Amino acid sequence: MLAYLFLGIFACDSETKGNFSTAGDPVNNSSGEVDNTQPADPNNNNDPVEDPIEGAPVISELTAFYVEQEGAQLRIEIHAMFDDAEDDVDEGIAMVEYSSDSLSGSQDIDIDGVSALHEEGEVTILFQPDNIESFSFTVQLQDTAGNQSNSMTATADPP
């Protein structure tokens with residue numbers, strides 16, 4: 001089963017808190033295509049409408065990649081870069097769908113600084129898969145007003 005862990009933003013120095021360490025190097029990086037519009041059908045993120053919802057965050061880039069950490073199992077980092085004129089993503093929700101050859105599911109993750117971290121223009125989530133395989137992630141953000149962003153998809157391939 002895929003479980004999310006405490007996360008952080010990488011800097012020059014490394015830091016360890018609980019089960020997460022900011023030390024590590026990206027192993028493989030795949031980026032989703034940019035789609036700044038709202039999906040017409042919430043189940044189909046490839047069918048955009050003309051304009052984003054007013055006040056909603058807009059995801060501009062989504063990356064997912066495996067990270068090697070000394071003395072720890074490989075983990076997957078997901079980074080959603082976004083714009084939000086109302087700046088109310090903090091305390092919102094990251095809605096994540098994931099799939100691989102052996103597993104699929106979805107999870108709503110609180111953007112609370114522990115489960116998912118919000119830095120200016122970026123939300124970061126860290127997953128630890130039980131099996132090291134390619135995972136596809138589709139992410140959508142919801143701000144505190146309930147406005148939902150566009151969704152984007154990225155794939156993390158194992159090293």
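Report ³J(HN,Hα) in whole Hz for each residue of region 101-108, in order, from the Karplus equation J = 6.51 cos²θ - 1.76 cosθ + 1.60 where θ = phi - 60°; Gly and Pro get x.
Listing the rounded values in order: 5, 10, 7, 8, x, 8, 8, 8 Hz.
Taking amide hydrogens as modeled 1.01 Å from N in the peptide plane, which residues meet the under 5 Å criterion relative to I53, leaving out close sequence neighbours?
Close amide H contacts, sequence-distant or interchain: Q38.
Just how large is the dipole of region 85-129 about the Cα centre, in debye to the nearest 20, putting +1 at every Lys and Arg Cβ and -1 at every Asp and Glu Cβ? Intermediate results must be reported in sequence, preceding the final value.
On the way: 0 positive and 13 negative charges, 80 e Å.
Result for region 85-129 is approximately 380 debye, rounded to the nearest 20.
Residue by residue through region 142-158, what is 3J(HN,Hα) from phi via Karplus (6.51 cos²θ - 1.76 cosθ + 1.60, θ = phi - 60°)? Round to whole Hz and write x for glycine and proline.
After applying 6.51 cos²θ - 1.76 cosθ + 1.60, I find 10, 7, 5, 7, x, 6, 9, 6, 5, 10, 9, 10, 9, 10, 10, 9, x Hz.
For a quick protection proxy, order the peptides 132-143, 82-93, 104-115 by their average other-Cβ count within 10 Å, most packed first.
Result, highest mean Cβ count within 10 Å first: 132-143, 82-93, 104-115.
Rule-based calculations on the coordinates, nothing more; no lab input. Keep in mind it's a predicted model, so treat the numbers as computed, not measured. A quick note on method: Cβ atoms are made from the backbone with ideal geometry, for glycine too, and the neighbour counts reach across all protein chains shown.
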